[in-house]
Amino acid sequence: MKLKQISVFLENRKGRLQKALNIISNAKINIRALSIADTSEFGILRMIVPEPDKAQKILEENDFVVKVNDVIAVGVPDKPGGLDGILEVLNKADVNVEYLYAFVEKKCENAIVVIRTEDIDTGIKVLKDGGVAMLSPEEVYTL
Amino acid sequence: MIWNSEAECMSAEDTRELQLKRLQEVVKRAYENVPYYQKRFSDVNVYPEDIETLDDIEKLPFTTKTDLRDAYPFGMFAVSQDEIVEVHTTSGTTGKPTVSGYTRKDLDIWGEVMARALTMTGVKKSDRVQNSYGYGLFTGGMGAHYGGQKIGATVIPISAGNTRRQLEIMQDFETTVLTCTPSYALYLAEVAENEGIDTEKLKLKAGCFGAEMWTEEMRKEIEKRLHIRAQNVYGLTEIMGPGVAMECEVQEGLHIFEDHFYPEVMDPDTLKPVPDGEKGELVLTTLTREGMPVIRFRTRDITALRRGKCACGRSQVKMDRITGRSDDMLKVRGVIVFPYQIEKALLKIDGLEPHYQIIVTRPEQLDELEVQVEASPALFSDEVKHIEEVKRNIENIVHSEIGLRVTVNLVEPRTLPRSEGKAVRVIDKRKF
């Protein structure tokens, strides 16, 4: 169950994050989940939005460098040890996690974790075999 | 073949003797006829009679582009307007153009040096020279024209532009020699290929290319695509136009026509002469020019002089291909760096936009060099470690090109300044 995520290159400069989000906001695109990876020189803004292609186009028109790639969304029981169980599945199968970020959705019981594994297809297979519930794009967008 | 073996193969001793005599004459002429020089020489208390040896030239002040601009339009002329038979100007890309005035005799000399230059590319009376340098105020067109005519070759004064017509004429007139800028030569080759013209079937055998900086890689490209020998001509409007120096068939440097132009190479910071073989800024003095003598003109071009008899038989001093300009030369931790070297390194990386900026700082005692390049989809990844890998890769490529460690930083697209003319590539924040 792949999900499209858009990533935006941000220079570590005042106002750049706001500028990117402002563009998204003006296009009336709702951000479902967001994370920022930052280093001292640059940042990567990662977002799950219902209309990734539209978001990419509009950001590129405004001279941002954007990439759309696949990630996995997993529903995690909102209780201690929930995420640990999932990582254990991946770890046992020797699947490396590049990054992940989580958000809690009010309307459901579960926390949602966005995971990027080194090899996305293997990641999906391993999670499926391990009985982990993955969310479809529609499920995430309409939460 | 050598056009003027008496001059071009003259012994070093005879050359120096002739140069001293001519230097004394030109300094006197400049002092007596150009108020600018009279004032500049008097300011440093040097007079024509103080030039007793060639080394005494170092007593004379430099002439800069600004000086020539301030004299716009005719302030540098040493003869009355009646004797000036032609004027040219620089393009004025970096400010007000500078004017160059020529007497009848100056034009003869210009024809003579360009005849020598074209002879080096193999031009004879029987040749057809397609002169695709621009005619007009730019010196390229007329310079090559006079040279070709002096030899007695058939000059085709087509000027630059109108590329399809250029190719038609080249085929119909059976052009043997092409004179133009190297980038135009490449463009001609490209259009010929697109039009399905077999460049191997053309009668072209050689080209005399100049008026802009170009690399050895570009020469090879032109030679391969046009099936000719490509040689480098050097000149500048302030001194004469094309024909100050020309590369012979050995293709290892350009012979300076030093019976007419006296070359010096200086450290651009200290303005002290550097030994032969070492890089520095070329300074030129016109030895025979009547209309507008120019004394110790700082060309800003970086080159090195090499003496000794050349395999082609000529003895006149050679200068290296121009590798940069002193106005953008950087000294970082004692190492000389030119933006073009960094550019060359960056061009080796796929997906990199050719927009960059070099920032030099001195946070502590040591200089730091930062190269900013614009991120592009090809360089960007959603993973920090990949971006850092890209950065390190660029850093290593630049390091192996210039021998200095640099920090590469990716910036957002279209954030580095763009310019129609010469881009500002270097920001030097060091305080000296």
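The values are calculated or read from the model by the stated rules, or taken from the named source; none is laboratory data. Because the structure is a prediction, the values reported are computed rather than measured. All Cβ positions, glycine included, derive from the backbone under ideal geometry; neighbour counts span all protein chains shown. Side chains are part of the model used for accessible areas, which takes the heavy atoms of the whole protein and leaves out ligands, DNA and RNA. Shrake-Rupley method; radii C 1.70, N 1.55, O 1.52, S 1.80 Å.
What is the sum of charges, Lys and Arg at +1 and Asp and Glu at -1, for the other residues whose Cβ falls under 9 Å from the Cβ of residue A:72? With Lys, Arg at +1 and Asp, Glu at -1, the neighbours total +1.
So, R0 is 51 Å and r is the distance between the beta-carbons of residue B:59 and residue B:201; what FRET efficiency does that work out to, to 0.05? Taking R0 as 51 Å, the efficiency between residue B:59 and residue B:201 is 0.30.
Charges were assigned to the Cβ only: +1 to each Lys and Arg, -1 to each Asp and Glu. The resulting dipole of the protein assembly as shown about its Cα centre is roughly 660 debye.
Ranked highest first by the average count of other Cβ atoms within 10 Å around their residues, in what order do B:376-383, A:103-110, A:132-139 fall?
Descending packing order for the listed peptides: B:376-383, A:132-139, A:103-110.
Computed on protein heavy atoms with a 1.4 Å probe, the accessible areas place B:146, B:340 in the order B:340, B:146, largest first. Here residue B:212 and residue B:163 are evaluated by their C-beta separation; at R0 = 22 Å the FRET efficiency comes out at 0.80. Near residue B:187: Cβ cut-off under 13 Å, other residues only, Lys/Arg at +1 and Asp/Glu at -1. The net charge is -3. For the options B:39, B:21, B:279, a Gaussian network treatment of chain B with springs between C-alpha atoms closer than 10 Å singles out B:39 as fluctuating the most. So how exposed is residue B:355, as accessible area in Å² (1.4 Å probe, rounded to 10)? Rounded to the nearest 10, that gives 50 Å². Packing, taken as the mean count of other beta carbons within 10 Å per residue, orders the peptides B:316-325, B:115-124 from highest to lowest as B:115-124, B:316-325.
Output the pairs from A:67/B:344; B:125/B:203; B:279/B:309; A:2/A:57; B:391/B:429; B:125/B:201 with a Cα-Cα distance over 26 Å in this structure; if there are none, say none.
Numbers: A:67/B:344 28 Å; B:125/B:203 16 Å; B:279/B:309 20 Å; A:2/A:57 21 Å; B:391/B:429 23 Å; B:125/B:201 22 Å.
Listed pairs above 26 Å: A:67/B:344.
Given +1 at the Cβ of Lys and Arg, -1 at the Cβ of Asp and Glu and no other charges, the dipole of the stretch B:326-432 around its Cα centre is 420 debye to the nearest 20. Within a straight-line Cα-Cα reach of under 22 Å, residue B:28 can be paired with the following lysines, leaving aside sequence neighbours fewer than 8 residues apart in one chain: B:39, B:59, B:65, B:105. Which of the listed residues, A:56, A:82, A:23, is farthest toward the dipole's positive end in chain A, when Lys, Arg count +1 and Asp, Glu count -1 at the beta-carbon? Working it through, the farthest residue towards the positive pole turns out to be A:23.
Could you run the numbers on buried accessible area between A and B, total for both chains, 1.4 angstrom probe, in Å² to the nearest 100? Display every interim value, and only then the final one.
Details: alone 8230 and 19960 Å², together 26390 Å².
Counting protein atoms only, the buried area is about 1800 Å².
Neighbours of residue B:53 by Cβ distance under 13 Å: Lys/Arg scored +1, Asp/Glu scored -1, total -4. Peptide B:374-384 shows a mean partner chain C-beta count of 6 within 10 Å per residue C-beta.
Counting only other chains, and only Cβ atoms inside 10 Å, what mean value do you get across the residues of A:97-104? Don't skip to the answer; put the middle values down first.
On the way: counts 0, 6, 4, 0, 0, 0, 0, 0.
The per-residue average across the peptide is 1.
Take each residue of peptide B:386-392, count the partner chain Cβ atoms within 10 Å of its Cβ, and average: the result is 2.
Listed by chain and number, the aspartates and glutamates placed with their C-alpha closer than 17 angstrom to that of residue A:14 are A:38, A:41, A:63, B:412; residues fewer than eight positions away on the same chain are left out.
Need the C-alpha centroid separation for the stretch B:290-310 versus the stretch A:50-97, integer Å. Measuring centre to centre over Cα atoms gives 64 Å. Heavy-atom accessible area for residue A:29, with the other protein chains in place and a 1.4 Å probe, reaches approximately 10 Å². Taking all protein chains as they are arranged and a probe of 1.4 Å, the heavy atoms of residue B:3 leave approximately 80 Å² accessible to solvent. Taking the charge dipole of the stretch B:329-381 about its Cα centre, with +1 at Lys and Arg Cβ atoms and -1 at Asp and Glu Cβ atoms, the residue from B:356, B:336, B:373 reaching farthest to the positive side is B:336. Placing a pseudo-label 7 Å from each Cα along the Cα-to-Cβ vector at residue A:25 and residue B:11 gives an inter-label distance of 8.5 nm.
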